[in-house]
Amino acid sequence: MLLLAVTACDNADYSKSAPFDNGVYLSVAESKTSETMTFNKTIIQREKSFTARLAYPAGTDVTVNVTVDPSQVEAYNSRNNTSYDILPAKHYRLESNEMTIRAGKINSAPLHIYFENLTELEIDKAYLCPVSLNSAQGVGLLDGSTTYWYIVKRSSAITTAVDLRYCYVEVPGFYVPKWGTEPAGNAAHLNNLKAVTFEIITRISNFDEANTDISSLMGIEQYFCFRAGDAGFPRQQLQIQTPAGKFPEANKAKLLKENEWYHLALTYDIATKTIIFYVNGKEQSRSTNYGNSEFSEIKLANRKQESFPGASDGDWLFYIGRSYNDRWLIDRQLNGNVCEARIWDVARTQQEIWKNMYDIEDPENFESFDFVTDGDVFFDFKHWKWNMQVEESPMRAKVLKKLDAVGGKRAFIVNLFSDGVSSSSCSNDGRLIEVPGILLPTGQVDQSALNYIGGFLL
């Protein structure tokens, strides 16, 4: 027999009651238990904030104690099959060890935790910083939400890179179609430069290739070539070769290491005759008397026909990861990886280089696209494999949305690796150009693809 007890209404107001005891927890732990905080290796300080939160308002003030609790590291590692170390105490600072939730409220004021001296941390190693509630006056602690783990990682900032051991990059727009002609379209501003800055993020895996004395970073062979090594010169030392001569002198104290990521920069100001090499933002070599009267301007889109009349069609162009010799031969290449290269038409200061080694000054544009021309034409480079399937419509819609957001005229979607079959195409309105690949399966450059791109830039 089932008995039902029926009672009359007692007119009580239960709207502010709760079917469970009140408890306090960390606001950041409400939906997740950890947060990975990855920052580039030049960042010195970061800060985060959180609040203490009640399940429902209390009638009196609630004071909550909070600490960084090293004992929680073992629990995290055991639960997640990791082996993180505790973040050393010198690298974090809690604003206070107490938070107060006022009567009738559910949240305390935000409490800040400061992560400091970050440039002293080991690169690409992750540390745990567990923030825990230890006690609260008048209420209990809600299990499962009283500890929040900050995973702190000083990163080399390398997420995507191209392997240039058996290929190279011929930059669209740098090519001069015929001897003696001035470059058209976007390439025009690459000539008649009075100052330049080259920046490249690279990892050279092998300096001892028997067939070359040079690891070419970027530039034009025998004109303006930023590289490591030379005949009779240390293979692991940076060097520049221009019409004004080679710089610097050989120095075995300035050698790069194999398989280590570097941010490398070169600045040159013709007016002041000042040329400087920077390695990871720090000055390595300097001269204030570099240049001559004949070297009055820099022409990055210029091939030196007058100096090399017998050169074939692809010699002495601007390349990334290669220089010199017939265009179909891969010689004097870069035996390593490149994730980013930049060229500026000014000699940037050390402060500017250091601050922006892994950041872009125009995030609205450059976080959306990889490259932009002066004519508001944007490039989105991909590294899809030949057998990778991509949903075309959503991808196109996303690129066009980005293009609208930055006010661009036209966007290129350029994949690096070609299947040798697919062909380039243009949308009906001319705003979206798709190039399925610029590197053939043989490792050679697909010249037809480059010509297709160039046709829209002229």
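Just so it is clear, none of the values below were taken in a lab; they were calculated from the coordinates. Since we're looking at a predicted model, the values are computed, not measured. Cβ coordinates were reconstructed from backbone atoms using ideal geometry, including for glycine residues, and neighbour counts include every protein chain displayed.
Based on C-alpha pairs under 8 angstrom that are at least 6 apart in sequence, the stretch 17-139 has a relative contact order of 38 percent.
DSSP finds beta bridges in the stretch 23-155, and of those with both partners inside it, around 70 percent are antiparallel.
In a simple Cβ point-charge model (Lys, Arg +1; Asp, Glu -1; nothing else charged), the stretch 209-297 has a dipole of about 320 debye relative to its Cα centre. In terms of overall dimensions, the stretch 29-131 has a Cα radius of gyration and Dmax of 15.6, 49 angstrom.
Taking the number of other C-beta atoms within 10 Å as the exposure measure, put His91, His263, His383 in order starting with the fewest.
Values: His91 18, His263 25, His383 11.
The most exposed by this proxy come first: His383, His91, His263.
When Arg342, Arg332 are sorted by how many other C-beta atoms sit within 10 angstrom of their C-beta, beginning with the fewest, the order is Arg342, Arg332. Exposure proxy ranking for Glu170, Glu434, based on other Cβ atoms within 10 angstrom of each Cβ and starting from the fewest, stands as Glu170, Glu434. Peptides 215-221, 102-108 ranked from most to least packed, by the mean per-residue count of other Cβ atoms within 10 Å: 215-221, 102-108.
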